[in-house]
Amino acid sequence: MNLKSQVEQDIRRAMKARSETELSTLRLLMAALKQQEIDHRIELTDADVLTIIEKMTKQRKESLRIFREAQRDELANKEQAELDILMSYMPQQINPGEAKAAVQAAILEADAQGPKDMGKVMGILKSQLAGKADFSALSAIVKEMLIKHNS
């Protein structure tokens, strides 16, 4: 079963269970998926769905940070619940050791010589680790390793 079908099935399950937070979060996700399909006139693949979920989780994390700083616990709890629901669709995230190994392999594959080749390395990593890693953290690792590689 593809990811989009899984979301549709989970919406029906949340309706039957009368789970308000889960239902509203999944409906929001489904609306984003359908909007993407309409805008680009394509049938979404699992990778496309993961990209959209990743974007939505990033938004929730930022909102969560802002609400916690403002000590708005009720809003922070709502964002956390939505984030947990969205994260359940993401594949298992890689650990920092695996991330460094993947970056090293991508640097070798791209034959990167320094920071100017960061785009090549990130392109390889995006194709290999879509949905499995935080790319802002990976970007920092790539930058650090390319600077060391160059010196």
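Things worth noting here:
- Helix 135-150 and the longest principal axis of the C-alpha atoms of the chain enclose an angle of approximately 0°.
- Looking at region 1-53, the trypsin sites (Lys or Arg not before Pro) that sit in a DSSP loop and have at most 13 other Cβ atoms within 10 Å of their own Cβ are Arg18, Arg41.
- For the chain, accessible area per residue (1.4 Å probe, heavy atoms of protein chains only), Å²: 63 Å²
- Label-point gap, in nm, between His40 and Phe135 - each point 7 angstrom along Cα→Cβ: 1.2 nm
- This model, with +1 at the C-beta of Lys and Arg and -1 at the C-beta of Asp and Glu, gives region 29-95 a dipole about its Cα centre of some 200 debye.
- Taking Cα atoms only, the orientation of helix 46-69 departs from the longest principal axis of the chain by about 80 degrees.
- Calculated FRET value between Ile147 and Gln93, using beta carbons and R₀ = 41 Å, to 0.05: 0.95
- Estimated inter-spin distance, Ala32 and Gln128, nm [label 7 Å along Cα→Cβ]: 2.7 nm
- A dipole drawn for the chain from +1 and -1 charges on Cβ atoms has a positive end, and of Ala110, Ala140, Pro96 the residue lying farthest that way is Ala140.
- Segment Ala101-Ala17, extension gain: residue separation times 0.36 nm, minus the distance between their alpha carbons: 26.0 nm
- Within the set (1) 143; (2) 248; (3) 106, the number that volume of the Cα convex hull per residue in Å³ takes when calculated for this structure is listed as (1).
- Size of charge dipole - region 46-151 - debye, nearest 20, with Cβ of Lys, Arg +1 and Asp, Glu -1, no other charges: 300 debye
- Here region 128-150 is scanned for amide nitrogen atoms under 20 Å from the site 7 Å beyond the Cα of Arg65 along Cα-to-Cβ, giving 131-144.
- Globularity index of region 1-82, i.e. its alpha-carbon radius of gyration over 2.2 N^0.38 Å: 1.21
- Remark: region 44-122 projects, on average over all directions, an area of 7.3 nm² (convex hull of Cα atoms).
The values are calculated or read from the model by the stated rules, or taken from the named source; none is laboratory data. Given the structure is predicted, the values throughout are model-derived calculations rather than measurements. For neighbour counting, all protein chains shown are included, and Cβ atoms are generated from backbone atoms with ideal geometry for every residue, glycine included. These accessible areas exclude ligands, DNA and RNA; they are computed on the full protein's heavy atoms, side chains included. Shrake-Rupley method; radii C 1.70, N 1.55, O 1.52, S 1.80 Å.
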